[in-house]
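Q: Here you go, one structure.
Please treat every number below as a calculation from the coordinates, not as lab data. Treat the numbers as computed from the prediction; the structure is a model and nothing was measured. Backbone-built Cβ (ideal geometry, glycine too); neighbour counts: all protein chains shown.
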Amino acid sequence: MASLISHQAKTGPFPASFFTGHAVKMNPITWWKAVQKYGINADFVATSFHLLSAPASSGSTERIFNNFSNIHTKVRNKLGIEKGSKFIFCYIILCSIEDYFL
């Protein structure tokens with residue numbers, strides 16, 4: 001999460017050259033491959049690859065983000081990513097069981 005915040009703030013482990021000139025116009029996957037060499041969390045980079053390689057119209061990706069927005073609300077904003085992921089997993093399993101028996 002710290003890597004994401006550093007990226008959004010354009011600070012931290014990212015050199016200033018990553019935000020100027022050709023780097024701004026670069027393919028996002030190429031950019032993340034370059035970032036990986038600077039010691040950024042491998043899981044974070046892998047998640048970025050996974051999201052960037054998913055089709056924009058992927059229904060399953062949209063459902064995951066929709067389910068996450070139902071779990072992680074303004075009231076429940078201190079819920080961590082790991083616990084939120086577990087809640088979503090349980091929610092999806094429960095919904096699939098309901099669909100199976102209906």
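Q: Multiply the residue gap between Q36 and V24 by 0.36 nm, knock off their C-alpha separation, and tell me the result in nm, one decimal place.
A: Values: separation 12, 0.36 × 12 = 4.32 nm, distance 1.67 nm.
My answer for the length gained is 2.6 nm.
Q: Quick one: if you stick a label point 7 Å off each Cα along the C-beta vector at L51 and L94, how many nm between them?
A: The modelled label-to-label distance comes out at 2.6 nm.
Q: Could you rank the peptides 70-82, 32-44 by their average count of other C-beta atoms within 10 Å per residue, with the highest value first?
A: My ranking of the peptides, most packed first, is 32-44, 70-82.
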